[in-house]
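Please read the structure below before turning to the comments.
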């Protein structure tokens, strides 16, 4: 459910090759307002030694969620030095075209090295995106068919591309990686895996496992169905093992996902953890502001 990113032709080699997936814990939890600890003091304390704020690179910075994360970083210059990575010059112009936006191909390690050099943290928001085959007529019933452009299959983008980013960050000693994935990865038959026959959630899960085994501090956020709505208005829900998918509260606004990415950089409680993320409908519950409490309730590393 994150974005309708799904995949292409699966290689002959099994996508499950590599580290074994660990069984996640079960259960969900929602967390609302507690004592106000929004994490801002954490970042200020980190910079109190007189040094500059940490430099954070957002990859996929021209995507719908990536743009929000990039903008949030730029809006907090006292806390972060924001940096973006996009795929084309056109995308760079789309988000302002500043000198802090790099153009590179995550499938090519050398092309992303300049963007990664000198960063303290990395937020990964890259994902393969399927395209609809032409000729679909909704008035005639049936379902549209999807495909992936050559070279842009989930295996290449969501697995190899994310692995390249993790390796590059590890090579320079990055202090934290936040990776945004999708719920549904525990179900090989999930509909997203069938789009373009790409097994996108399988490849995403493989990259998540690679990050969890990397030894780097990480936060893996498996978002529910992404909505283009205002953020900060809902009570957030965290869980594991895709149990949220069995409920009626399995969606989340993109700005809320973006804010959780930012907040994860501020709290030790978010490190070495993976979780599903959704929200209650607007008007139900209390909008989440205590992110330390939210992260503290997560106890699974994968």
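Just a few scattered comments:
- Kirkwood Rh and Cα Rg combined as Rg/Rh, the range 232-272: 0.99
- Volume per residue that the Cα convex hull of the range 114-208 spans, once the total is divided by residue count, Å³: 112 Å³
- By the beta-carbon count within 10 Å of each Cβ, the least crowded to most crowded order of 171, 296, fewest first, is 171, 296.
- Note on the range 89-162 and the range 191-241: Cα centroid distance 16 Å, given to the nearest whole angstrom.
- Cα shape, the range 152-277, gyration tensor, a/c 1.5 rule: oblate
- Estimated translational diffusion coefficient (Stokes-Einstein, Kirkwood radius over Cα pairs, 10 °C, 1.306 mPa s) of the range 248-302: 132 µm² per second.
- Residues 182, 91 arranged by fewest to most Cβ contacts within 10 Å: 91, 182
- Here the range 116-170 has an Rg and Dmax of 16.7, 54 Å, counting Cα atoms alone.
- Rg and Dmax of the range 46-138, both derived from C-alpha coordinates alone, stand at 15.4, 61 Å.
- Cβ-based exposure ranking for 277, 122, 294, in which fewest neighbours within 10 Å come first: 277, 294, 122
No value in this document is a laboratory result; all are computed from the given coordinates. Because the structure is predicted, anything quoted here is derived from the model rather than measured. FYI the Cβ positions are ideal-geometry reconstructions off the backbone, even for glycines, and counts take in every protein chain you see.
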